[in-house]
């Protein structure tokens, strides 16, 4: 079997490219920004200057940097581009039109799929880093409406989460955050029992998905469920011709 080098590509085998915020929070295993969260190699690229504060402010001035970052990842050999913040939904439509691979910048892109699995009367609970910034404008960028079928609960007032993810103090107490996320999920479904699935918007939340599922008994979706699904579509497993 013969192989041909790709111009501009210096390493191979990284199917998923991840655009990162310019953040100083520690990324523990399970976080989108930790390479050990995956059973396969991934490639990271930071978008310089795109801070947590700027993404929460829906800063459109980083669109060209996002497009350039996605293009560079594709040139380096990735077969799909994702991000490490659900608020990157702001750039989803434009970036996907400018590269020739699947683009899934936000965990929120899973909402139509989740809805398709539920009865019409069921609701999807969304745990987000900042409910004040998760606006109808952001959803419209994904072709979605922020209607009564979506129940949003923010974590910006939880001290442990705020210190690690928003204030970016440089430290993270995972036990404290796990308890805060668990309590927020329980309060959300107590407030609205119609919730039948939960989506974790923030890329720092997958490490706590198991705790949310154990507490609520509901399906829990996050960045990793999305990334793993797309990767499984890009790299198919071969099966032997056996029964």
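The values are calculated or read from the model by the stated rules, or taken from the named source; none is laboratory data. Since we're looking at a predicted model, the values are computed, not measured. Heads up, the Cβs are rebuilt from the backbone with ideal geometry, glycines too, and the neighbour counts pull from every protein chain shown.
Which members of the stretch 208-243 meet the condition of being in a loop (DSSP other than H, G, I, E, B), surrounded by fewer than 18 Cβ atoms within 10 Å (Cβ to Cβ) and touching a strand residue (DSSP E or B) at 6+ places or on another chain (Cβ under 9 Å)?
As a first pass, look at the stretch 208-243 and keep what is in a loop (DSSP other than H, G, I, E, B): 217-219, 222, 235-243.
Those still in the list that are surrounded by fewer than 18 Cβ atoms within 10 Å (Cβ to Cβ) too: 217-219, 235-243.
Passing the criteria: 218, 219.
Looking at the stretch 67-91, which of its residues are surrounded by fewer than 24 Cβ atoms within 10 Å (Cβ to Cβ), in contact with a helix residue (DSSP H, G or I) (Cβ under 7 Å, 6 or more places away or on another chain) and closer than 21 Å to residue 231 by Cβ?
79, 80 - these are the residues of the stretch 67-91 that are surrounded by fewer than 24 Cβ atoms within 10 Å (Cβ to Cβ), in contact with a helix residue (DSSP H, G or I) (Cβ under 7 Å, 6 or more places away or on another chain) and closer than 21 Å to residue 231 by Cβ.
Considering the stretch 151-183 alone, what residues qualify as being surrounded by 14 or more Cβ atoms within 10 Å (Cβ to Cβ) and either over 19 Å from the mean Cα position of the chain (by Cα) or assigned to a loop (DSSP other than H, G, I, E, B) (or both)? Reasoning before the result, please.
Here is the first cut: in the stretch 151-183, the ones surrounded by 14 or more Cβ atoms within 10 Å (Cβ to Cβ) are 151-156, 158, 160-166, 168, 172-174, 176-182.
Across the stretch 151-183, the qualifying residues are 155, 156, 158, 160, 163, 168, 172, 173, 176, 179, 180.
Hey, can you tell me all the residues within the stretch 129-168 that are modelled with pLDDT of 95 or more and more than 19 Å from residue 57 (Cα to Cα)?
Correct list: 150, 151, 158, 159, 160.
Could you tell me how many of the residues in the stretch 34-58 are more than 19 Å from residue 229 (Cβ to Cβ) and touching a residue at least 12 places away in the same chain (Cβ under 8 Å)?
Adding up the residues that qualify gives 13.
If I go through the stretch 16-47 residue by residue, how many of them are part of a loop (DSSP other than H, G, I, E, B) and either crowded, with 19+ Cβ neighbours inside 10 Å or under 16 Å from the mean Cα position of the chain (by Cα) (or both)? Please lay out each step first, then the result.
Narrowing the stretch 16-47 to residues part of a loop (DSSP other than H, G, I, E, B): 21-28, 30, 32-34, 38-41, 47.
With the extra rule that they be either crowded, with 19+ Cβ neighbours inside 10 Å or under 16 Å from the mean Cα position of the chain (by Cα) (or both), the set shrinks to 21-23, 25, 27-28, 30, 32-34, 38, 47.
Number satisfying all stated conditions: 12.
Quick check on residue 63: is it under 16 Å from the mean Cα position of the chain (by Cα) and either surrounded by 12 or more Cβ atoms within 10 Å (Cβ to Cβ) or free of Cβ contacts under 8 Å to residues at least 12 places away in the same chain (or both)? It would help to see each step written out before you state the result.
Numbers: under 16 Å from the mean Cα position of the chain (by Cα): no; either surrounded by 12 or more Cβ atoms within 10 Å (Cβ to Cβ) or free of Cβ contacts under 8 Å to residues at least 12 places away in the same chain (or both): yes.
Criteria not met by residue 63.
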